[in-house]
Amino acid sequence: CFPSPDIGFICNISGEIWKTTDAGDSWTRVLNQPGSSFRSLTFVDTMKGWVGNLGPGSWVGTTTDPNVIYATTDGGINWTPISTATISGPTPDGICGIHAIGDTIHGAGRYAGGAYYISSTDGGVSWVSQNLNADFNAFVDVLFFTPDEGYITGADDSNNAVLLHTTDGGANWAIATTSNAYHYWKVGFASAT
């Protein structure tokens, strides 16, 4: 995630977060946390961001960290887990995809088990989580164009790939497309269309 042309962040399933301040020419590890499996991160500016963790029981057997989302307010130098007390609804098993637009953060997960959607509309102070496991068995990624309109990729309860779409901030989801592939994975747009 690059919140500016020069400042960017990457994470990995080994519990590391790396930062560049020169558009990727060099990188500095800002967090090394064995037991965590960071899957995705998002920033709204160069200081404020969030990272999703897969959680125990994921496809990465070495993951022991039960905290599903961490936040930073100092440009990635310090990361603090969000408290489950701030989550209304079930705590997700893990987060595979996370995307922020201003004060609204959307997350989903996880691959290989757990169809949860989580969001915050107040910059990460409080969160609302939905368990969508009745119809879906895994979520991989999220992408939102506005705080209200976006997509989730994943698989339905029959292990068919599914792309979900919402226009009301995740209150309701409609199937945009499906196929007999195992999962839809990452989603991205090169332009508005």
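The values are calculated or read from the model by the stated rules, or taken from the named source; none is laboratory data. Source: prediction; values computed, not measured. Because the Cβ atoms are built from the backbone with ideal geometry, glycine has one as well, and the counts that use them run over all protein chains shown. These area figures cover heavy atoms from the full protein model, side chains too; ligands, DNA and RNA do not enter into them. Shrake-Rupley method; radii C 1.70, N 1.55, O 1.52, S 1.80 Å.
Pairs of Cα atoms nearer than 8 Å and 6+ residues apart set the relative contact order; for the stretch 87-193 it is 20 percent. A simple spin-label model places pseudo-atoms 7 Å from Cα toward Cβ; at S4 and D103 they are separated by 2.4 nm.
Sorting C1, C96 by solvent-accessible area of protein heavy atoms yields C1, C96, largest first, with a 1.4 Å probe.
Peptides 5-13, 168-176 ranked from most to least packed, by the mean per-residue count of other Cβ atoms within 10 Å: 5-13, 168-176.
A Förster radius of 35 Å combined with the Cβ-Cβ distance from S191 to E16 puts the calculated FRET efficiency at roughly 0.65. Counting Lys and Arg as +1 and Asp and Glu as -1 over every other residue whose Cβ lies under 14 Å from the Cβ of W18, the net charge comes to -1.
Working note: Karplus 6.51/-1.76/1.60 with θ = phi - 60° gives the stretch 101-116 the couplings 10, x, 7, 9, 10, 10, x, 8, x, 9, 4, 6, x, x, 10, 10 Hz, where Gly and Pro are set to x.
A Förster radius of 22 Å combined with the Cβ-Cβ distance from V125 to T167 puts the calculated FRET efficiency at roughly 0.35.
Using the Cα gyration tensor of the stretch 8-105, with a ≥ b ≥ c the square roots of its eigenvalues, what is the shape: rounded (a/c below 1.5), prolate (a/b larger than b/c) or oblate (neither)? Taking the square roots of the gyration eigenvalues as a ≥ b ≥ c, the stretch 8-105 is oblate. On a per residue basis, the stretch 1-96 carries 44 Å² of accessible surface, using protein heavy atoms and a 1.4 Å probe. Near S129: Cβ cut-off under 13 Å, other residues only, Lys/Arg at +1 and Asp/Glu at -1. The net charge is 0. In this structure the amide hydrogen of G15, modeled in the peptide plane, comes within under 5 Å of the amide hydrogens of F38, none closer than 5 places in sequence on its chain. Counted residue by residue at 0.36 nm each, then reduced by the alpha carbon distance between them, the extension gain from Q33 to T84 reaches 16.4 nm.
Summarising the label geometry, the points placed 7 Å from Cα in the beta-carbon direction at Y182 and W59 lie 0.6 nm from one another. Each residue of the stretch 23-30 is assigned a 3J(HN,Hα), and the resulting list reads 6, x, 5, 9, 10, 10, 6, 9 Hz, derived from the Karplus form 6.51 cos²θ - 1.76 cosθ + 1.60 (θ = phi - 60°), x at Gly and Pro. Percent antiparallel among DSSP beta bridges with both residues in the chain, to the nearest 5? DSSP beta bridges in the chain are roughly 95 percent antiparallel. Packing, as the average of other Cβ atoms within 10 Å across residues, places the peptides 22-35, 139-152, 121-134 in the order 139-152, 121-134, 22-35, highest first. The stretch between A174 and E149, if pulled fully straight at 0.36 nm per residue, gains 7.8 nm over its current Cα-Cα span.
Karplus-derived 3J(HN,Hα) values for the stretch 170-185, using 6.51 cos²θ - 1.76 cosθ + 1.60 with θ = phi - 60°, are x, 5, 9, 10, 10, 6, 7, 6, 8, 8, 8, 5, 5, 8, 8, 9 Hz; glycine and proline are entered as x.
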